[in-house]
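Worksheet: one structure, shown below.
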Amino acid sequence: MADPRADPESESESVFPREALSLCNYFESQNVDFRGKKVIELGAGTGIVGILAALQGGDVTITDLPLALEQIRGNVQANVPAGGRAQVRALSWGIDQHVFPGDYDLVLGADIVYLEPTFPLLLGTLQHLCGPHGTIYLASKMREEHGTESFFQHLLPQHFQLELAQRDEDENVNIYRARHREPRPA
């Protein structure tokens, strides 16, 4: 049983991935406007990032592999009021992203860049889902042993204009913002 005197902040960090909390805090500090935006969260886990976007007025699709959907649905039901715009759906990168539209305003992901064999699948999924004027926000612990830095330094910039939006040195978490590259004039 948890110690009732325990710091609630440290307790929440054990429940929610640090990257998800960092991304939520970033959205709050930067006043990111979700109202009326078409939003998708990838690899949602608990769904906290997508739930925040829905509570802030976004039309949100929260995705993960099928085995995680029951927990996410429970979290959405517990935290998004009736009438909130949040749906939960299965999405396997590189396999079924084409059943989703390719015009999302915001594509969100926290702690999803850590398994190198999935990087090309994730990249293809990002390319499909992000609308022509859309923005991708990815929060990631910079795990050297998992090739995370290589994804952000080499793979993603080949297809997207990428910028480091925030760095948390203490937690070794980076938040990146990416947009489609502008077409070059003919």
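The values are calculated or read from the model by the stated rules, or taken from the named source; none is laboratory data. The structure displayed is predicted, hence computed values, not measured ones. Using ideal geometry, Cβ is built from the backbone for each residue, glycine included, and neighbour counts are taken over all protein chains shown.
For segment 137-151, name all the residues that are out of contact with any helix residue (DSSP H, G or I) (no Cβ under 7 Å at 6 or more places or on another chain) and modelled with pLDDT of 95 or more.
Leu138
For segment 103-186, please list each of the strands (runs of 3 or more DSSP E) lying entirely inside it that holds at least 1 residues being more than 13 Å from the chain's Cα centre (by Cα) and exposed (fewer than 15 other Cβ atoms within 10 Å of the Cβ).
Details: elements: 104-110, 130-141, 160-168, 173-180.
Of the strands (runs of 3 or more DSSP E) lying wholly inside segment 103-186, those with at least 1 residues that are more than 13 Å from the chain's Cα centre (by Cα) and exposed (fewer than 15 other Cβ atoms within 10 Å of the Cβ) span 130-141, 160-168.
Scan segment 85-102 for residues that are part of a loop (DSSP other than H, G, I, E, B) and among the hydrophobic types (A, V, I, L, M, F, W, C) and report the count.
The qualifying residues number 4.
Out of Glu19, Glu28, Glu70, which single residue is surrounded by 19 or more Cβ atoms within 10 Å (Cβ to Cβ) and in a helix (DSSP H, G or I)?
Values: Glu28 fails: surrounded by 19 or more Cβ atoms within 10 Å (Cβ to Cβ); Glu70 fails: surrounded by 19 or more Cβ atoms within 10 Å (Cβ to Cβ).
One residue alone meets the criteria, Glu19.
Could you list, in sequence order, the residues of segment 62-97 that are farther than 14 Å from Thr46 by Cα and touching a residue at least 40 places away in the same chain (Cβ under 8 Å)?
Those that are farther than 14 Å from Thr46 by Cα and touching a residue at least 40 places away in the same chain (Cβ under 8 Å): Leu91, Trp93.
How many residues are over 21 Å from Ala20 (Cβ atoms) and among the charged types (D, E, K, R) when one looks only at segment 146-163?
Result for segment 146-163: 0.
Identify, by number, the condition in (1) at pLDDT 95 or above; (2) on the phi > 0 side of the Ramachandran plot that Asp111 doesn't meet.
(1)
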